[in-house]
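The structure appears below as structure tokens.
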Amino acid sequence: MRGVQWRWCVILLLAGIAPVWAASGSLDPEFAKVPFDEWLKGGGQAHFKWRAHANPAQLSMYQRLWTKIEVELDGADLAERRGKGRMLVFSQFTDEAGNRYQDHGVIELGKLEEGIRSQNLLYTQHVFVTPGEYRVAFAIFDGETGEHSVREERLRVGALKGDPLPVNAGSEFPPVEFVGETAAPDAWYLPAEKGRLHLTFAPREPVRVEIILNLTPAEDLAGNSVVQDRNLSGLIPMLKILAQAAGPDAPVSVEDLDLSRRRVTFHQNDVHPLDWKEMRQTLEEKGTGAIDLKSLEDREHNAAFFVQEVARKIGPPPSHPPPVIIVLSSPVSFVSKEDLHQISVEAPPGGRVFYLRYRAPSEKKNPAMMIPYENGRPIGGFGRRRGPLQAPGNGGVQLDQLANTLKPLSPHIFNIDTPEDFRKALAAMLEEVAHL
């Protein structure tokens with residue numbers, strides 16, 4: 001790459017072919033159409049100007065390690081090929097056992113803009129990985145001329161230091177899994193994701209786990225779809241993990257609340273697994289991000305509705321089996337304070353109340369993966385890069401009045417700003433439930 005003047009770049013998120021998971025790896029049929037293994041031996045390479053790199057692995061809100069691969073191509077080279085067929089970008093991970101995991105993306109050269117000469121093209125792909133040593137190979141291939149160029153590097157993925165979860169928690173995950181591009185709400189839940197976190201609620205005596213997900217932000221932000229999407233892209237991965245932790249003595253129920261309209265939008269008892277198809281449909285309902293006039297007029301009852309739903313989950317004493325209430329919500333402040341009464345029921349004997357208060361980063365990102373998005377979809381197509389992404393943070397102090405309504409129940413409150421925060425909270429909840 002020496003001597004190449006890299007100007008501003010174009011971001012292109014390309015969806016690859018969905019991999020076929022098998023014990024020997026995950027093979028992309030497109031690789032069988034080219035002599036990829038021969039390419040790796042060297043020789044016959046074209047003089048493309050490009051770079052490729054796999055970034056260090058990080059923890060995601062899905063409680064899986066992921067790396068982002070980047071392949072950047074010089075716009076001047078692409079301009080010479082514009083309008084002539086297509087170019088393929090190949091990515092292959094090889095683990096220590098020799099198993100291969102493959103994916104590819106396509107650049108339609110006929111769709112490149114005339115101004116591509118003054119731009120660089122960036123192909124990015126997120127990949128879930130497990131700890132280990134990998135060889136990561138990249139190749140670009142011009143389907144019209146038959147020219148190709150390859151690169152290979154090593155990637156070491158270390159285990160999390162001081163991991164609060166059991167050693168075998170991620171034992172059911174494939175070593176490598178490419179994350180396909182998709183729109184929200186699937187982009188938050190990743191329904192095609194393979195495997196699950198190997199964790200289970202295991203109390204001494206039976207309990208029932210009641211998960212309450214608040215879909216709406218603070219009243220002054222109600223109707224703001226951008227804020228709502230930012231919250232849900234962190235909350236829904238958390239819900240996914242918690243719902244998978246159902247055990248024989250701890251069945252899980254899930255309920256979604258729309259506080260701005262004071263209604264239950266989704267409910268499922270005895271989750272095995274979460275009915276994502278049904279829940280997704282409720283999230284996609286027309287007008288989810290808009291607030292009608294009637295809802296605005298009656299919003300002094302929003303907090304009372306939340307308190308009512310929590311009380312209903314606890315039930316009249318004695319409750320058998322006792323409930324473990326888990327509230328998932330962003331911080332909520334109510335514009336109208338007339339109904340800010342604390343819950344009047346007593347703490348459930350033999351149960352627990354947990355409040356996971358998720359504080360999403362203020363930037364336009366999918367907090368679960370820390371990738372940019374617009375309108376619930378990862379940014380794709382052509383457009384100028386908008387500068388480096390900032391580190392996640394809560395964007396300042398956020399007032400939360402929802403917690404005060406739960407105060408008589410002595411909830412264990414966890415502030416969740418990062419995937420690491422959620423991991424610690426998850427371990428703490430499992431430990432507390434194990435002593436019930």
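The values are calculated or read from the model by the stated rules, or taken from the named source; none is laboratory data. Keep in mind the model is a prediction, meaning the values are calculated, not measured. Reconstructed Cβ throughout: ideal geometry from the backbone, glycine too, with neighbour counts over all protein chains shown.
Listed here are the strands (runs of 3 or more DSSP E) enclosed by region 147-261 that have at least 1 residues being in contact with a Leu (Cβ under 7 Å, 6 or more places away or on another chain) and at pLDDT 95 or above: 148-157, 208-214, 252-258. Tell me, please, whether a residue that is within 31 Å of the chain's Cα centre (by Cα) and modelled with pLDDT of 80 or more can be found in region 331-345. Within region 331-345, one or more residues are within 31 Å of the chain's Cα centre (by Cα) and modelled with pLDDT of 80 or more.
Only residues that are buried (at least 16 other Cβ atoms within 10 Å of the Cβ) and within 17 Å of residue 66 (Cβ to Cβ) were counted across region 112-141, and they come to 11.
Checking the stated criteria, residue 144 turns out not to satisfy the condition of being assigned to a strand (DSSP E or B), assigned by TED's automatic domain parsing to the domain that holds residue 70 and surrounded by fewer than 16 Cβ atoms within 10 Å (Cβ to Cβ). Restricting attention to region 255-275, the residues that are of a type in the set (D, E, K, R) and surrounded by fewer than 17 Cβ atoms within 10 Å (Cβ to Cβ) total 3.
Residues in region 100-118: is at least one among the polar types (S, T, N, Q) and modelled with pLDDT under 95? Yes: region 100-118 contains one or more residues that are among the polar types (S, T, N, Q) and modelled with pLDDT under 95.
Looking for whichever is under 30 Å from residue 356 (Cα atoms) and assigned to a strand (DSSP E or B) here; the options are 127, 71. Which one fits? Every option except 127 fails the conditions.
Test residue 172 against the criterion of being surrounded by fewer than 19 Cβ atoms within 10 Å (Cβ to Cβ) and within 20 Å of residue 72 (Cβ to Cβ), and give yes or no.
no
In summary, residue 84 fulfils each of the numbered conditions (1) in contact (Cβ under 8 Å) with a residue 60 or more places away in the chain; (2) buried (at least 19 other Cβ atoms within 10 Å of the Cβ) with the single exception of condition (2). For region 1-51, residues that are modelled with pLDDT of 50 or more and farther than 21 Å from residue 96 by Cα total 16. Within region 196-211, if we keep just the residues that are touching a Ser or Thr at 6+ places or on another chain (Cβ under 9 Å) and of a type outside the set (Asp, Glu), the residue that is surrounded by the most Cβ atoms within 10 Å (Cβ to Cβ) turns out to be 209.
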